């Protein structure tokens, strides 16, 4: 994916309605009419959002003349994830430093608080 | 982070120069002059990009009147990562299906090709 394609993908994601459309498509294919229903939007307005998502490689459209179902394309989202990869280390380091600080504070507090803090750290991490 | 803050962050990231600025700041704090140098951009042009990044919560600025160093704030990037989390499963499932398909093709091909395919899969995965 070229840097400009990544910019196009990120710009397409920078809209709550388009992200909601992707969340709906993550559950399965849908037609334009099905996508328009929960947003109370006109079909042309939804079609415009779909064109932006399609240009960004985030969705594809079926070939059937009448129905043309929309389908999520996770590959474009993965390109965003790949870009984020180099920064992941930075916030994980911060979590480590925070944990060190909490552990230092803990030396004078009861032991039962420890498991909860460990859980909080794991929630913020990748599996 | 509110949905609109996430939109602001994604919009700020949808520009190759701003992503290059973040890549530079990932290596350490820098002044506006230091950031402008590799891009051959005017200081006002860089300042404009920095304002967008700051509004998106992606960087912060120091308080020193003269120098005001810029600093990366990984927390905003983590919010993008948290949003991506629900989709990660989708492309990992696709990689699993691709691996099944490759394994099926492999039944008639030499064994030495296997390690490379395994490597390719792991590269695309989270640790």
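The values are calculated or read from the model by the stated rules, or taken from the named source; none is laboratory data. Everything numeric in this text was worked out from a predicted model, so none of it was measured. Neighbour counts are summed over all protein chains in view; Cβ atoms, including those assigned to glycine, are modelled from backbone coordinates with ideal geometry.
What the table shows:
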item	result
Residue satisfying condition, being more than 9 Å from chain A (Cβ to nearest Cβ), surrounded by 15 or more Cβ atoms within 10 Å (Cβ to Cβ), modelled with pLDDT of 90 or more and assigned to a helix (DSSP H, G or I), within set B:102, B:10, B:53	B:53
Residue A:50 being in contact with a strand residue (DSSP E or B) (Cβ under 8 Å, 6 or more places away or on another chain) and more than 16 Å from residue B:11 (Cα to Cα)	yes
Residue that is farthest from the chain's Cα centre (by Cα) [pool: residues in region B:23-42 that are over 13 Å from residue B:70 (Cβ atoms) and part of a helix (DSSP H, G or I)]	B:37
Failed item in (1) exposed (fewer than 13 other Cβ atoms within 10 Å of the Cβ); (2) at pLDDT 70 or above; (3) over 30 Å from residue A:53 (Cα atoms), with residue A:89 passing the rest	(3)
Residues (surrounded by fewer than 16 Cβ atoms within 10 Å (Cβ to Cβ), within 20 Å of residue A:97 (Cβ to Cβ) and touching a strand residue (DSSP E or B) at 6+ places or on another chain (Cβ under 6 Å)) located in region B:68-85	B:71
Only one of B:62, B:57 that is farther than 18 Å from residue B:28 by Cβ and touching a residue at least 24 places away in the same chain (Cβ under 8 Å)	B:57
Of residues in region B:56-67 being more than 16 Å from the chain's Cα centre (by Cα) and surrounded by 12 or more Cβ atoms within 10 Å (Cβ to Cβ), the one nearest to the other protein chains (Cβ to nearest Cβ)	B:60
Condition met for residue B:94 (within 14 Å of another protein chain (Cβ to nearest Cβ), surrounded by 12 or more Cβ atoms within 10 Å (Cβ to Cβ), within 17 Å of residue B:11 (Cα to Cα) and in contact with a helix residue (DSSP H, G or I) (Cβ under 7 Å, 6 or more places away or on another chain))	no
Tabulated pairs, region B:73-89, first more than 9 Å from every other protein chain (Cβ to nearest Cβ), second assigned to a helix (DSSP H, G or I) and surrounded by 13 or more Cβ atoms within 10 Å (Cβ to Cβ), C-beta under 8 angstrom, 6+ apart or interchain	B:76/B:9; B:79/B:5; B:79/B:6; B:79/B:9
Failed condition for residue A:20, given (1) within 14 Å of chain B (Cβ to nearest Cβ); (2) assigned to a helix (DSSP H, G or I); (3) more than 13 Å from the chain's Cα centre (by Cα)	(3)
